[in-house]
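Here's the structure, in structure tokens; my notes come after.
The values are calculated or read from the model by the stated rules, or taken from the named source; none is laboratory data. Keep in mind that this is a model prediction, so the values were computed, not measured. Here the Cβ positions follow ideal geometry from the backbone for every residue, glycine too, while neighbour counts run over all protein chains shown.
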Amino acid sequence: MEKKIRVLVAKPGLDGHDRGAKVIARALRDDGMEVIYTGLRQTPEQIVDAAIQEDADVIAMSILSGAHNHLFPRVTELLADKGVDDVLVLGGGVIPEDDIPFLKGKGIAAVFGPGTPTKATIEFIRANLKRS
Amino acid sequence: MEADSRAARVVAGEVRALARLITGLENGESQANLVMRILAARPRRAQVIGITGPPGSGKSTLTDKMIAALRKRGARVGILAVDPSSPFTGGAILGDRLRMQDHATDPGVFIRSLASRGHLGGISRATHSAARALDAAGYDFVIIETVGVGQSEVDVVRVADTVVLVAVPGLGDDIQVIKAGIMEIGDVFVVNKADRDGADRVVREIRSMLETAAALRRGSLPVRAAVDTLGGRIAPLSADQEHAAWAAARAVAAEADARLMPPVLKTNAGTGEGVEALVEAVAAHRRAAQASGSLEARRLEGARTELRSLVEERLDAALNEGEGGQRAIALAKAVAAGEVDAWTASTELIGLLIQGGKA
Ligand SMILES: Nc1nc2c(ncn2[C@@H]2O[C@H](COP(=O)(O)OP(=O)(O)OP(=O)(O)O)[C@@H](O)[C@H]2O)c(=O)[nH]1
Ligand SMILES: [Mg+2]
């Protein structure tokens, strides 16, 4: 049996809609991945515990509200606290260019802006999985 | 041995070890099967509850509220939530968990989404063994939410001790009451979305179906005839048809029917109304099934089916891969060329598969 790539898609923070997250969820599914969709207003704690229970290979988060510099690093911190070092963490949404180096320093492997073609995200995931 | 330490970590309640094991079972990893060999030797303790019903009937929301009710009683709860895989891409969007995320950080709750991966019975191939893994990890209750079902997805009855069948008002006459084939697997019936119009009517329709079914089980010829005249159609019925079916069923269903009748409850999963009663009804069913021996019989039947499908799957795999696969092709050519008959060729293949331990 073939191993499936499992991706947890979550919206941390207080954003009011999740259209963008749903678009990426569908694109990943159409590429053959299994997407666990957790929806709006997720805390970093919920995201990390869910990712562990779901044995996700990837956590993909999106934020529009501007709280990314706080919430994205909180997720990677919690993962590290729990000894999880093999999950690829991606960020998306409305993220100013200037914040990207900071986020990468905090363990967010890539940051995808609103205009990113879904294909780029898919290729990035396939090329950068931390487990085989 | 690695399998021993992995099994020990699962039993000790290590969430990551459990999550990894379930992935291994989904992917058919041999190492995961070795871990299950160790875990299967442990006594079964968990009560396994299946939640099934049409798409969107509120199964996940109901599960969320059942988790809360069971947690209040101090029980640990594991959930396996199955959603369909796309037949085209093999991918899936697993959205059941969305409704249960309030419990994500509760250490007494473990929620795992499973894709059906081409399996058609409403659950996935790995669901049996994943449920057993949750049991070994110390969860007192295992709740299995099936794919939103139509009429033939009844595999959950092979895994669950108690099956909760969820119906709703307002889906249109044909689907709001569940199809006859699937009615048979319900141990407890729920009409969810009781805040909507028509819930009482759905309760009545389910009761009448159950009464008819109970009467049929007694071999009541008049009722069988009545149902036959309805052409197997359950809803919608004209007033006359309904009246005739009810009258016939009542005539033969004796007072004892009330006792044999599965409960039909109303819930509002949005508010949690009715969920306490549901949890009680599930517990009562399990107690009765244990006392009557039907729990044991059902588990035996479940094991039988599981075993059968495993044998089929492994033989099938062995016939399509490696040495067995090559020999199968060679023999097929020989059969086509008339050099050997199919029966003899199949005997050779079976021998080869068993000997090689490939299957
Ligand atoms: N009014 C009302 N809405 C409800 C109730 N229970 C669930 N819903 C809503 O019905 C919709 C579907 O609920 P889910 O729990 O996702 O249904 P499901 O059966 O798990 O759906 P699938 O897994 O997709 O088959 C959601 O919008 C719920 O909020 C209820 O008792 N009353
Ligand atoms: Mg659901």
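Would you be able to tell me the number of residues in region A:55-73 that are farther than 14 Å from A:V89 by Cβ and among the charged types (D, E, K, R)?
Final tally of qualifying residues: 1.
If the requirement is being in contact with a strand residue (DSSP E or B) (Cβ under 6 Å, 6 or more places away or on another chain) and over 17 Å from A:L90 (Cβ atoms), which of these qualifies: A:L14, A:L40, A:L28?
Exactly one of A:L14, A:L40, A:L28 is in contact with a strand residue (DSSP E or B) (Cβ under 6 Å, 6 or more places away or on another chain) and over 17 Å from A:L90 (Cβ atoms), namely A:L40.
Run down A:R74, A:R26, A:R41 and say which single residue is farther than 19 Å from B:R112 by Cα, surrounded by fewer than 21 Cβ atoms within 10 Å (Cβ to Cβ) and under 13 Å from the mean Cα position of the chain (by Cα).
The unique qualifying residue is A:R74.
Consider only pairs whose beta carbons are under 9 Å apart and that are at least six residues apart or on different chains; among these, list those whose first residue lies in region A:42-55 and is more than 19 Å from B:A81 (Cβ to Cβ) and at the interface with chain B (Cβ under 7 Å from one of its Cβ atoms) and whose second residue is modelled with pLDDT of 95 or more and surrounded by fewer than 22 Cβ atoms within 10 Å (Cβ to Cβ).
Pairs that qualify, where the first residue is more than 19 Å from B:A81 (Cβ to Cβ) and at the interface with chain B (Cβ under 7 Å from one of its Cβ atoms) and the partner is modelled with pLDDT of 95 or more and surrounded by fewer than 22 Cβ atoms within 10 Å (Cβ to Cβ), are A:E45/A:R74; A:E45/A:L78; A:E45/B:T105.
Taking region B:70-84 on its own, how many of its residues are within 14 Å of ligand 1 (Cβ to nearest atom) and small (G, A, S)?
Going through region B:70-84 one residue at a time, the tally reaches 1.
Please work out if A:G93 is modelled with pLDDT under 95, surrounded by 22 or more Cβ atoms within 10 Å (Cβ to Cβ) and away from chain B (no Cβ under 14 Å).
So A:G93 passes the test.
Pick from A:I59, A:I5, A:I63: which is within 17 Å of B:A19 (Cβ to Cβ) and more than 11 Å from chain B (Cβ to nearest Cβ)?
Answer to the check: A:I59.
Specify which of the listed residues (B:A81, B:A75, B:A133, B:A69) is part of a loop (DSSP other than H, G, I, E, B) and of a type in the set (A, V, I, L, M, F, W, C).
B:A75
Residues in region B:86-99: is at least one within 20 Å of the chain's Cα centre (by Cα), at the interface with another protein chain (Cβ under 10 Å from one of its Cβ atoms), within 15 Å of ligand 1 (Cβ to nearest atom) and in contact (Cβ under 8 Å) with a residue 40 or more places away in the chain?
Among the residues of region B:86-99, at least one is within 20 Å of the chain's Cα centre (by Cα), at the interface with another protein chain (Cβ under 10 Å from one of its Cβ atoms), within 15 Å of ligand 1 (Cβ to nearest atom) and in contact (Cβ under 8 Å) with a residue 40 or more places away in the chain, which makes the answer yes.
Residue check: is B:G78 surrounded by fewer than 18 Cβ atoms within 10 Å (Cβ to Cβ) and more than 7 Å from chain A (Cβ to nearest Cβ)?
No: the conditions fail for B:G78.
Can you list the helices (runs of 4 or more DSSP H) lying wholly within region B:148-245 that have 3 or more residues being at pLDDT 80 or above?
The helices (runs of 4 or more DSSP H) meeting that bar are B:199-217.
Starting from region B:140-158, keep only residues that are closer than 24 Å to B:A68 by Cβ and in the same structural domain as B:D187 (by TED's automatic domain parsing), then list their pairs with residues that are modelled with pLDDT under 80 and within 14 Å of ligand 2 (Cβ to nearest atom) whose Cβ atoms are within a distance under 8 Å, requiring at least 6 positions of separation or different chains.
B:T146/B:E153; B:V147/B:E153
Tell me the residue from B:D106, B:D102 that is within 16 Å of ligand 1 (Cβ to nearest atom) and either outside any strand (DSSP E or B) or within 22 Å of the chain's Cα centre (by Cα) (or both), please.
B:D102
With the requirement that a residue be away from ligand 1 (no atom under 16 Å from the Cβ) and assigned to a strand (DSSP E or B), what does region B:33-66 give you?
B:Q47, B:V48
Could you please find all residues in region B:8-31 being aliphatic (A, V, I, L, M), buried (at least 22 other Cβ atoms within 10 Å of the Cβ) and either farther than 21 Å from B:L114 by Cα or free of Cβ contacts under 8 Å to residues at least 12 places away in the same chain (or both)?
none
Please work out if B:L39 is modelled with pLDDT of 95 or more and within 13 Å of ligand 2 (Cβ to nearest atom).
No, not satisfied.
Look at B:S309 and say whether it is surrounded by 14 or more Cβ atoms within 10 Å (Cβ to Cβ) and hydroxyl-bearing (S, T, Y).
yes
Checking B:A130 against (1) within 18 Å of B:R299 (Cα to Cα); (2) within 14 Å of chain A (Cβ to nearest Cβ); (3) within 16 Å of ligand 1 (Cβ to nearest atom): exactly one of these is not met. Which one?
(3) is the only condition that B:A130 fails.
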